[in-house]
Amino acid sequence: MNNRSFGTLGEERAKEYLEHKGYRILDCNYRVGRLGEIDIVARDNDTLCFIEVKTRSNNRFGTPAQAVMPQKQATIIKIAQIYMQKYKYYDIPVRFDIVEIFMDREGNTRDVNLLKNAF
C-alpha cells in the first residue's frame, strides 16, 4: 500500500472512531487554496474540533503526534479561523485534537489514540 492510500485509510478509520465516540463529522479534508487542509472538522457536543490525523506503522521516528510540528499547527489554526469565519461560528468553544492511528501496511488497525487539546 502506498503512503497516500495508507494515510487515506487512516483518515477513514479516524472518522469511524470519532463517530463511535459521539463526534458529529462536519467536514473532511477542508482545504484553503495552497495554504493547506484540515483532515477532519467535527463537533464534540458544543465544541468545534479541528482534527489532524496521523497514521503510522511504527514509532521508529517518534509518535504520530510528534510529527505535527509547530509550523503545521500554525497552519491548522489559520485554516480553522477561515473555516469559522466562512461558516459563522462565533462564541463557540474550539479545540485542536490529533488522532493517532497505528496500522500495519495491510490495513489492519492496531491502535487508535485521541489526543484532545493537543495544541
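Bear in mind these aren't lab numbers, they're just calculated from the coordinates by the rules spelled out. Please read these numbers as outputs of a predicted model, since none were measured by experiment. Every residue, glycine as well, gets a Cβ built from its backbone with ideal geometry; the counts of neighbours run over all protein chains shown.
For the stretch 13-31, filtering for residues that are of a type in the set (Ser, Thr, Tyr) and either closer than 21 Å to PHE102 by Cα or more than 11 Å from the chain's Cα centre (by Cα) (or both) leaves 2. If you go through the stretch 20-67 and keep only what is farther than 22 Å from MET84 by Cβ and either loosely packed, with under 14 Cβ neighbours inside 10 Å or hydroxyl-bearing (Ser, Thr, Tyr) (or both), you end up with HIS20, LYS21, THR55, SER57, ASN58, ASN59, ARG60, PHE61, GLY62, THR63, GLN66.
The set of residues in the stretch 59-83 that are polar (S, T, N, Q), within 12 Å of ILE38 (Cα to Cα) and within 14 Å of the chain's Cα centre (by Cα) comprises GLN73, THR75.
Scanning the stretch 107-119 for residues that are exposed (fewer than 14 other Cβ atoms within 10 Å of the Cβ) and assigned to a loop (DSSP other than H, G, I, E, B) yields GLY107, ASN108, LYS116, ASN117.
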